[in-house]
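Just so it is clear, none of the values below were taken in a lab; they were calculated from the coordinates. Just so you know, these numbers come straight off a predicted model, no measurement behind them. Cβ atoms come from the backbone with ideal geometry, glycine included; neighbour counts cover every protein chain shown.
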Amino acid sequence: MIQYKTTNLGQTKQDGFSQVLSEAKALFDEQHINILGEGYQEILADTGLFEEYKAAMLKGVDADEMDAMDQLIDNSRMTTLQESISGITPISSLSVPTIRKLWPRMAMKNAIPTEVVKLPKFSVSYLLPYIIKNGVRHYLPEAIMDGGSAADLVEGQGLWNDWVFLADHDYGSGVVDGAAKGFALLDTLPGGAVASAAVGDSVDPDFFVTDVMIVCSHTTGGDPDENVEINQLRVGTGLNGDIFYACSAYHSSDLDGNGDPVAGATPTTDNLFGKLDRIAGTLTLASSAGKVIRVKIKGRLSSEFNMHTESVSFDIQTRDITIGTGVHLNAPLPIEFLQDVMAMYNIDGAAKVVDIMTNTLALKLDHELKDFVVEGYARSPIYPAEFDCKPFTQFSGTPKQWREMLKDVIDHYATKLKQANMFTGGKFVIIGNELDCNLLPNVTWTFVGSAGERSGVEADYSLGAISGANRYDIVSTPAMEQGYLYVIFVSSQDEQMTYKYFPYSFNVERGYSDPQYSYVPSIMIAKRHQTEYFKDAIFRVEIQNNTGAVSW
């Protein structure tokens, strides 16, 4: 008498996924369709059956993972049908269970903005805003940052940006009238800009004298007169353009080492007065004692007649992306074992196979995405921050109080990165090993791998958030190397897109021998995905002396 036995896999831990798989199998067993064997071909061919199957497999998925997993399962169906010229093998029926368990296990998809694509060839459009002046495009925000090609454009066309002499003066191209006669502001624009009162150009009323140079006498001795600059002024104009400033300054020899007047010293005084004629574009100045010899000004041309304004627009840039044929991960499971599992409809065996494959693949994918983050910092190591878990000698607080200052370090560099790139909105994501992430204070953990399941699947990572000067999400995963926290900016706007992860499909197939065991046919997972960076926005905090010590 022949007795048939299934392969003994030992006790398999029952998680939420196992329950979902069992219920889905039972649902279709009632229709005499085996979801873990030949019946999968029937499910793929019938849209109604497939939607019913997908709904059963997505039961218990967390809301924030539902859309991505739904699309991945649709992609799996499409790619399996497209590649089924020689028929669909029973092994392919493990594709959907693999996706169902793999996706929640991946930690790094929570760190990098992720969008599941519907096709392996697609285009990503993003905006590049710019200011256009005199027919030249100056792209933002770089152009208006310090040292950028258009740092002054946001304020309009500036006026003369050097000393304005009261007397006639040769600025390098011939003697021109000084401010005593009327300095021609429209004829002396920097950068070769041209303006004319005849066509409506005028000076904006937002006009100031910022520096005054006065000739001071040594009142407590016989040292020669010297020029003393009075700076950081903001002397504006009256309603009629009138200018007045009472000047007072000491000769340097009349001051002691602290900058205070010595005994008997008196300041040199003078009154600067004049008028700004905005329409004619002239600045007329005089001084009552003749001691003021030159001034600096800050102003710009008026934009009231739209003669000297900048146009703001944007380019729509398109990047064509093609996801390659994918990388194959061979599962160390002989095909004979899998045939036993499928032939006997062993639900526990199928769950075990999926568990083995997804555990390995999730680790591999997380390490790939980890390398993507690390390479981003290597391309742009502009902000290398440090935090030493051991405080300086004079610190009198507790170890916990000192370690809470890590957040101050992160706040500082995050704000610096945001300001330098003129980022608005968005958030930061802190990515690190759990030993380093545990240093972060006042974290609200939304998922802790050791204490629960993610979409019914055990996952070896934690997710959290902290607030401060910026918004921070936290991804704590053993995939990251201990000793560093990486912080990336994630924009909510297309024109500030930074990093993106585009998964397409994860399919289980049979077709090749395992290269490590050439005579043993095996199964493989074909993963197709792509990472892209559009603009590096990242900094790194090196964590020093994180030994776990609670005292020093």
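Evaluated with a Cβ-only charge set (Lys, Arg +1; Asp, Glu -1), the stretch 157-309 carries a dipole of roughly 400 debye about its Cα centre, given to the nearest 20. Thinking of the stretch 157-309 as a set of Cα atoms, what percent of all their pairs are more than 19 Å apart? Tail of the P(r) past 19 Å holds 56 percent of the pairs. Once you reduce the stretch 361-402 and the stretch 448-510 to the center of their Cα atoms, the two points are 15 Å from each other. The dipole here belongs to the stretch 200-286: it is taken about the Cα centre, uses +1 on the Cβ of Lys and Arg and -1 on the Cβ of Asp and Glu, and is about 300 debye. Under the combined filter of DSSP loop state and at most 12 neighbouring Cβ atoms within 10 Å, the stretch 349-396 retains these chymotrypsin sites (Phe, Trp or Tyr not before Pro): PHE392. Net charge near LEU361, counting Lys/Arg +1 and Asp/Glu -1 over other residues with Cβ under 9 Å of its Cβ? So the surrounding residues net to +3.
Each of PHE17, PHE244 was scored by other Cβ atoms within 10 Å of its Cβ. Arranged with the fewest first, they read PHE244, PHE17.
Over all pairs of different C-alpha atoms in the stretch 209-275, the reciprocal of the mean inverse distance, the Kirkwood hydrodynamic radius, equals 13.1 Å.
Solvent-free Debye calculation, one equal scatterer per alpha-carbon of the stretch 170-255: log10 I(q)/I(0) at 0.13, 0.17, 0.22, 0.24 Å⁻¹ equals -0.65, -0.95, -1.21, -1.27.
For the stretch 428-496, taking the reciprocal of the average inverse distance between every pair of different Cα atoms yields a Kirkwood hydrodynamic radius of 12.8 Å. Look at ILE410, ILE321, ILE230, ILE243 and count the other Cβ atoms within 10 Å of each Cβ; fewest to most, that gives ILE321, ILE230, ILE243, ILE410.
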